[in-house]
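Visitor: Please see the structure below; I have some questions.
Computed from the coordinates by the stated procedures, all read-outs in this text should not be read as laboratory data. Given the structure is predicted, the values throughout are model-derived calculations rather than measurements. Positions of Cβ are generated from backbone atoms using ideal geometry, with glycine treated the same way; all protein chains shown enter the neighbour counts.
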Amino acid sequence: MSTNPVTVTAPEGVPFIEITREFDAPVEAVFRAHTDPGLVKQWLGPHGYDMDIEAYDVRTGGRYRYVHSDGSGGSYAFNGVFHTVRPNETIIQTFEYEGVPDSVSIQTLTLEDLGGGRTRLTGHSTFPSMEARDGMISSNMEKGVTEGYERLDEVLAGR
């Protein structure tokens, strides 16, 4: 398991969440793990969840939709549009949890080459309101992000 911590920041008074995490893998591998649906399915989401991908067309103007299943009968669907995709650099997309419709966030994922085969990932989410942002924080999203990135470490290590 990685010792690279996840940092989640929700600044006071603004509808933003920022997530930062370093990976012991090159930028190209981290980008591929975010854009190849076969790899995404292996790591995105918390431990114990399965993922069914309906669409995952990572290109400028592409769309996605997937459903997580928790093994206890619960399912959680998400969808969005990829607005900008610059390989090995940036992905800008919308993100909507279908259980809370009409609350779409804009997410920017930026990858930075740290040298030595290491990458810093920074995710910035902008929500339509403080209520939407606070709802995301209270949904235990930090646990899901942390566990997902632990799973991503395993994918990047070829396990």
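Visitor: Identify which of G148, G123, G135 has the largest mean-square fluctuation in a Gaussian network model of the chain, with springs joining Cα atoms closer than 10 Å.
Guide: Taking springs between Cα atoms under 10 Å, the residue moving most is G135.
Visitor: I want to check the label-to-label distance for T3 and D134. Put each point 7 Å from Cα in the C-beta direction and report it in nm to one decimal.
Guide: My value for the distance between the label points is 3.8 nm.
Visitor: Also, I was wondering about something else. Could you identify which residue out of I91, I137, I106 has the top mean-square fluctuation in a GNM of the chain using Cα springs shorter than 10 Å?
Guide: Ranking I91, I137, I106 by mean-square fluctuation puts I137 first.
Visitor: Moving to a separate point now. Given the Cα-Cα distance of R65 and D102 and 0.36 nm per residue of separation, how much length would full extension add, in nm?
Guide: Details: separation 37, 0.36 × 37 = 13.32 nm, distance 1.56 nm.
Going from the current span to full extension adds 11.8 nm.
Visitor: Exposed loop sites here are GluC sites (Glu not before Pro) in DSSP loop states with at most 16 other C-beta atoms within 10 Å. What is the longest stretch of the chain lacking them? Walk me through the intermediate numbers first.
Guide: Numbers: sites that count: E12, E89, E98.
In short, 13-88.
Visitor: Continuing with this model, one more query. Put +1 on the Cβ of every Lys and Arg and -1 on every Asp and Glu Cβ in the chain; which of S103, G13, Y64 then has its Cα farthest towards the positive end of the dipole?
Guide: Y64
Visitor: Where q = 0.14 Å⁻¹, what log10 of I(q)/I(0) comes from the Debye formula for segment 7-156, counting one point per Cα?
Guide: -0.67
Visitor: If the chain between E112 and S72 were fully stretched, how many nm would it gain, using 0.36 nm times the residue separation less the Cα-Cα distance?
Guide: Working: separation 40, 0.36 × 40 = 14.40 nm, distance 3.78 nm.
Extending this stretch completely gives an extra 10.6 nm.
Visitor: How big is the gap, in Å, between the Cα center of segment 37-73 and the Cα center of segment 95-112?
Guide: Spelled out, the Cα-based centre of one part sits 14 Å from the other.
Visitor: Given the options P101, P37, P128, which has the most mean-square fluctuation in a GNM of the chain, springs set between C-alpha atoms less than 10 angstrom apart?
Guide: Fluctuation is largest for P101.
Visitor: Something else now. Can you give the extra length, in nm with one decimal, that the chain gains between H47 and T126 once fully stretched, where that is 0.36 nm per residue apart less the Cα-Cα distance? Could you put the intermediate results ahead of the total?
Guide: Details: separation 79, 0.36 × 79 = 28.44 nm, distance 2.58 nm.
Here the segment from H47 to T126 would lengthen by 25.9 nm.
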